[in-house]
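The values are calculated or read from the model by the stated rules, or taken from the named source; none is laboratory data. Small disclaimer: the values here were computed from a predicted structure and weren't measured. Counting neighbours? That spans all protein chains shown, and the Cβs are built from the backbone with ideal geometry, glycine included. For the accessible areas, the whole protein counts, side chains as well, though only heavy atoms, and no ligand, DNA or RNA atoms are used. Shrake-Rupley method; radii C 1.70, N 1.55, O 1.52, S 1.80 Å.
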Amino acid sequence: MKIARFSRIGFILAAAGSAVGLGNIWKFPYIAGEYGGGAFVLVYLFTVLLIGFSIMIAEMLIGYLGRRDTVTCFEKLAPKHKHLWKLAGFQGLAGLFIMIFYSVVIGWIFNYIVTSLSYLPASVKESEEIFTAMLHTSFWTQFFYHTLSFIGIIYVLHKGLKGGIEKLNMYLMPALMIILAAMFIYATTLDAFGQAVSFMFSPDWSKIDADAFVTAVGHAFFTLSLGMGAIMTYAASLDKEANIVKSAFWVVFLDTTIAIVAGLMLFTFLYQYGSGPAKGPGLVFISLPAAFYEMGIIGNIFAVLFFIALAFAGLTSSVSLVEPMVQYFIDRFGWSRLKATVSMGTFFWLFGIVAILSNIDGAKEFLTWGGKNFFDWVDYFTAAVMLPIGGFLMAVFVGFVIPRSEVEAVMKPQLKWAFQPWYFSLRYITPVAMFVVMLSLMGVL
Ligand code: TRP
């Protein structure tokens with residue numbers, strides 16, 4: 001029923017577009033900053049290689065073998081207990097949940113593109129006031145831009161896999177890389193570049209405790225878009241001759257490179273013009289605009305370009321977050337693409353409004369439970385609970401449930417000698433790691 005197939009480069013760009021998102025440019029630099037740089041970055045790189053890469057291959061394999069929506073993939077490939085395994089496919093819901101706050105943050109970015117055109121705050125303090133005023137009082141501004149993001153995302157999705165998703169990524173991903181490369185090259189000419197490099201790469205192991213370790217593992221997972229069927233859904237439209245290992249390699253490589261480049265560039269700017277690295281989630285919305293201000297007119301240009309790049313990264317991830325459930329309703333219920341897209345979009349749009357309200361003075365009091373507001377709960381529940389469970393299930397599914405002969409038939413020719421270590425990692429290392437991450441992010445450990 002589904003005839004559209006990604007071109008090979010289209011698939012790599014779309015999967016990389018999914019992976020490269022707010023996680024790389026917004027979250028990675030600030031958590032690296034919080035945990036003191038170097039050692040944290042090395043733990044993250046190590047996890048990406050050891051766990052991320054092998055689950056990426058596993059998730060692509062499930063989609064590649066199943067060739068349908070995530071629920072059908074699990075159901076079809078499980079030799080026994082089909083009805084239980086099918087539930088693993090509902091992991092796609094995590095994508096819709098993530099969209100609830102992702103779309104709101106993309107809205108903030110749109111707002112920053114517009115305001116940076118004409119104005120930058122002269123100090124971190126002023127910058128902070130602007131950001132918190134938007135967050136806590138400007139309901140309509142946030143509503144407007146969140147709605148804009150929703151419209152953009154459903155527009156692209158309703159155009160379909162090739163005409164929408166692939167096309168979007170074919171334009172936005174190169175544009176994003178060009179913008180970041182240009183700003184990165186500029187950063188390398190500044191004195192502070194050396195400081196940024198040593199911050200990111202000289203490990204201070206005393207800063208690494210269990211918490212830092214788990215955060216690095218959890219982030220490696222989030223940033224690669226693993227565990228909720230986004231990569232699986234894309235891989236279901238991969239052509240039969242495509243090489244899974246090579247594709248996975250490129251996605252991991254691009255995602256990691258872009259995180260490192262963005263981190264080096266931001267830290268250079270912050271050392272050179274601003275207040276240094278450790279600034280928390282406000283890093284790109286608070287510290288950075290004040291640093292851009294110090295750069296003069298080039299700062300205005302950079303600010304606009306930077307937020308455009310961030311919006312591009314967010315949008316290409318968004319389409320991959322919604323597509324699994326869109327595909328599910330098309331495949332299983334025969335819905336038209338338009339109906340599926342608009343329904344899924346309406347879901348995250350409506351709850352997104354609740355997420356905005358949960359930061360607004362006067363409303364947030366009603367939308368906060370146990371010290372976290374609705375916005376934070378959604379973030380927490382998806383990242384700490386749903387994604388690790390998804391990763392765990394996928395590793396176990398490929399490692400133990402799909403008959404080994406089927407896995408071998410596809411993967412052995414591609415992985416060769418690496419087949420055995422990969423299979424071992426899926427069966428034993430990854431499930432244990434995901435389990436520990438989940439418990440610890442949930443605060444059990
Ligand atoms: N990887 C994206 C980022 O770094 C976020 C994302 C997109 C995601 N699709 C996903 C995370 C699927 C988990 C699962 O911002």
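What the table below lists for this structure:
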quantity: Considering residues of the stretch 184-210 that are within 12 Å of Val43 (Cα to Cα) and assigned to a helix (DSSP H, G or I) only, the residue nearest to the chain's Cα centre (by Cα); calculated: Met200
quantity: Of residues in the stretch 325-340 being more than 15 Å from the ligand (Cβ to nearest atom) and aliphatic (A, V, I, L, M), the one least open to solvent (accessible area, probe 1.4 Å); calculated: Ala340
quantity: Count - residues of the stretch 400-441 that are of a type in the set (Asp, Glu) and out of contact with any Leu (no Cβ under 9 Å at 6 or more places or on another chain); calculated: 1
quantity: Looking only at the stretch 185-206, and only at residues there that are of a type in the set (Phe, Trp, Tyr) and crowded, with 18+ Cβ neighbours inside 10 Å, the one that is farthest from the ligand (Cβ to nearest atom); calculated: Phe193
quantity: Any chance Ile55 is out of contact with any Phe, Trp or Tyr (no Cβ under 9 Å at 6 or more places or on another chain) and part of a helix (DSSP H, G or I); calculated: no
quantity: The listed residue being under 21 Å from Ala313 (Cβ atoms) and in contact with a Leu (Cβ under 6 Å, 6 or more places away or on another chain), out of Ile9, Ile25, Ile31, Ile55; calculated: Ile25
quantity: Residues that are open to solvent by 10 Å² or more (accessible area, probe 1.4 Å), within 16 Å of the ligand (Cβ to nearest atom) and out of contact with any Lys or Arg (no Cβ under 9 Å at 6 or more places or on another chain), drawn from the stretch 1-29; calculated: Leu13, Trp26, Lys27
quantity: Within the stretch 207-225, considering residues that are within 14 Å of Met438 (Cα to Cα), hydrophobic (A, V, I, L, M, F, W, C) and within 15 Å of the ligand (Cβ to nearest atom), the one modelled with the highest pLDDT; calculated: Phe222
quantity: Test set (1) within 16 Å of the ligand (Cβ to nearest atom); (2) on the phi > 0 side of the Ramachandran plot; (3) not hydroxyl-bearing (Ser, Thr, Tyr) - Val322 fails condition number; calculated: (2)
quantity: Pairs, first at positive phi and acidic (Asp, Glu) in the stretch 218-237, second more than 10 Å from the ligand (Cβ to nearest atom) and at pLDDT below 95, C-beta under 7 Å, six or more apart; calculated: none
quantity: Qualifying residue in the stretch 282-305 (condition: touching a helix residue (DSSP H, G or I) at 6+ places or on another chain (Cβ under 9 Å), within 16 Å of the ligand (Cβ to nearest atom), under 29 Å from Gly163 (Cβ atoms) and open to solvent by 40 Å² or more (accessible area, probe 1.4 Å)); calculated: no
quantity: Hits in the stretch 402-412 - residues which are buried (at least 18 other Cβ atoms within 10 Å of the Cβ) and free of Cβ contacts under 8 Å to residues at least 24 places away in the same chain; calculated: none
quantity: Residue in the stretch 110-131 that is open to solvent by less than 50 Å² (accessible area, probe 1.4 Å) and within 16 Å of the ligand (Cβ to nearest atom) present; calculated: no
quantity: Helices (runs of 4 or more DSSP H) completely within the stretch 342-445 that count 3 or more residues being hydrophobic (A, V, I, L, M, F, W, C) and over 23 Å from Ser320 (Cβ atoms); calculated: 404-415, 419-424, 430-441
quantity: Boolean, Ala32 is open to solvent by less than 10 Å² (accessible area, probe 1.4 Å) and either touching a residue at least 60 places away in the same chain (Cβ under 8 Å) or closer than 13 Å to Ser320 by Cβ (or both); calculated: yes
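To keep it simple, each residue is scored yes or no on (1) out of contact with any His (no Cβ under 9 Å at 6 or more places or on another chain); (2) buried (at least 16 other Cβ atoms within 10 Å of the Cβ).
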residue: Val342; (1), (2): no, yes
residue: Phe348; (1), (2): yes, yes
residue: Ser358; (1), (2): yes, yes
residue: Leu367; (1), (2): yes, yes
residue: Phe374; (1), (2): yes, yes
residue: Pro388; (1), (2): yes, yes
residue: Phe400; (1), (2): yes, no
residue: Gln420; (1), (2): yes, no
residue: Val437; (1), (2): yes, yes
